[in-house]
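Sending over a structure as structure tokens; questions will come in a sec.
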Amino acid sequence: MYLHEYFDIGCVLLEHVDGFQLSDLGTTDCIPKQDWYDIIQRAVDAVGYINDAGLINLDCQPRKVLVRRETLRPFHIDFALCRFAEDMGWK
């Protein structure tokens, strides 16, 4: 038995996000319009951080961003169609 076997995790950790899809922002009456810009900007900034980490999401869409209702923090979900930048010759 090798030491690394104790640190391998054969699962995906999920977190429940109580909120709504970014694509539903305009239809959600409880979010004031003055907050929309900050929510969208944080979602866009997150894409930059993800790309800087070397992960390219080929299916990035507003409906794949959940916004937590309590904090208005966006969470990107569904990375099934992604590639590593180095595998694509981008880094």
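Quick note: the coordinates plus some simple rules give every number you see, no bench work behind them. Just so it is clear, the structure is predicted and the values come from calculations on it, not from any experiment. Positions of Cβ are generated from backbone atoms using ideal geometry, with glycine treated the same way; all protein chains shown enter the neighbour counts.
Computed over the Cα atoms of region 10-91, what is the convex hull's projected area averaged over all directions, in nm²?
6.2 nm²
For region 71-81, what does the Karplus curve 6.51 cos²θ - 1.76 cosθ + 1.60, with θ = phi - 60°, yield as ³J(HN,Hα) per residue in whole Hz, taken in order and with x for Gly and Pro?
Karplus-based 3J(HN,Hα) across region 71-81 equals 10, 6, 8, x, 10, 7, 10, 6, 9, 5, 9 Hz.
Under 13 Å from the Cβ of ALA80, count the other residues' Cβ atoms, weight Lys and Arg +1, Asp and Glu -1, and hand me the total.
That works out to 0.
Relative to the longest principal Cα axis of the chain, at what angle does helix 33-52 sit, 0 to 90 degrees, rounded to 10?
20 degrees
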